[in-house]
Amino acid sequence: MTKPEPEVTPEDIAPADALDRHWVGRWLPLAWRPYARLSRLDRPIGTWLLLLPGWWSIALARPAGAALPDLLLLALFGIGAIVMRGAGCTFNDIADRDFDAQVARTRQRPLPAGQVTLLQAWLWLAAQCLIGLLILISMNPLAIWLGVGSLLLVVIYPFMKRITWWPQFFLGLAFNWGAVLGYAAVAGRLDAAALVLYAAGIIWTLGYDTIYALQDKEDDALVGVKSTARLFGTKARRWIAGFFQAAWLGIALCGWIAGMGLGFWLCLAALAGHFAWQVATLNPDDPADCLIKFRANRDAGLIVFLGFLIG
């Protein structure tokens, strides 16, 4: 007699873009895993992409003669990036729960899979926001007000894919807010270099998140979700190359305004090579390759951070 196959539950299915054998699936108690997945703790690339613009500006704004940026502030931004990225993802899942149920890559997320209730998701969102608030109020008044202002961007982003072909632009507004927040937290003011860095980060996000959206272009077309990947179609690679080139020029302009030294420019040369590799080897029709290139932007951001550290 053939032994029946064990039933597969939503908890047993790792999201397609989660890291293999991540600690969320290996070590966390079963009841905690849906909340960790709501916060995308098994996909840390988003936390890196939110964190790095803040680290850039903390390094950029450090006082003249300081060998290192404020390590405590770097750590606080790290914790803040984890909880606020988690809060943003939780809110995004609340807003998109019906869409997510219709897309292959997202239908196993905790809300459409029934692993958490809507009320539980809202309570988890509130807990993460509270931690973020506690971190924010330890900063100077300008940084506090900038942090409060970022909430508007977090709230509107999930709805942009329904009304505009450019939701990646609105993601860039939110994900790069750390470029102004970090600078203000160190300097207590905003200078031209910080604003240029923020603009460059937005354009960088247009590039890497278009790559990310290429994974879902067929499903997005079926359910009516808009994205730059669908808008650009077969010209997506050309647009991504243009975004990366413009972001590179923006970062270079920031370095020039700030009077960066040789170390910064060497890192910028490495960044140009990294961007060129992404574009030259990208296969827009291979979701696995798109995910690899999207994740590679953590390394691109770390190159920029190194440039501001040694420049």
If you rank D286, D70 by how much accessible surface each has, with a 1.4 Å probe, what is the order from largest down? D70, D286
Rg and Dmax [Cα atoms of the chain; Å; Rg one decimal, Dmax integer]: 19.8, 77
What ratio of Cα Rg to 2.2 N^0.38 Å holds for the range 259-311? 1.30
Whole number in Å², please: accessible area per residue of the range 52-104, 1.4 Å probe, ligands, DNA and RNA not counted. 38
Which value, in Å² rounded to 10, gives the accessible area of W277 with a 1.4 Å probe and all protein chains present? 110
Compactness index (Cα Rg / 2.2 N^0.38 Å), the range 210-256: 1.44
Please calculate the 1.4 Å probe accessible area of C129, with all protein chains present, and give it to the nearest 10 Å². 50
Once each part is reduced to its C-alpha centroid, what is the distance from the range 99-155 to the range 253-277 in angstrom? 34
Helix 141-163 vs. the chain, principal-axis angle (Cα, 0 to 90°, nearest 10): 40
Could you sort R62, R238 by their accessible area in this structure, using a 1.4 Å probe and putting the largest first? R238, R62
Once every DSSP H run of n ≥ 4 in the chain is given -39500 (n - 2.57) and the sum is divided by its residues, what mean residue ellipticity at 222 nm do you get, rounded to the nearest 500 deg cm²/dmol? -22500 deg cm²/dmol
Keeping all protein chains in position, work out how much accessible area D100 exposes to a 1.4 Å probe, and write it in Å² to the nearest 10. 10
What is the percent carbon and sulfur in the accessible area of the chain, measuring with a 1.4 Å probe over the protein chains and ignoring ligands? 68
Interatomic Cα distance distribution for the range 84-207, bins of 10 angstrom, percent: 13, 36, 33, 15, 3
Compute the distribution of all C-alpha to C-alpha distances in the range 214-305, in bins of 5 Å from 0, and list the percent of pairs in each, rounded to whole numbers. 3, 12, 21, 21, 16, 12, 8, 5, 2, 1, 0
Whenever you get a sec, line up K161, K226, K293 from highest to lowest accessible area (probe 1.4 Å, protein heavy atoms). K226, K161, K293
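The values are calculated or read from the model by the stated rules, or taken from the named source; none is laboratory data. Values in this document were obtained by computation on a predicted structure and should not be read as measured data. Please note that ligands, DNA and RNA were not included when accessible areas were found on the heavy atoms of the full protein model with its side chains. Shrake-Rupley method; radii C 1.70, N 1.55, O 1.52, S 1.80 Å.
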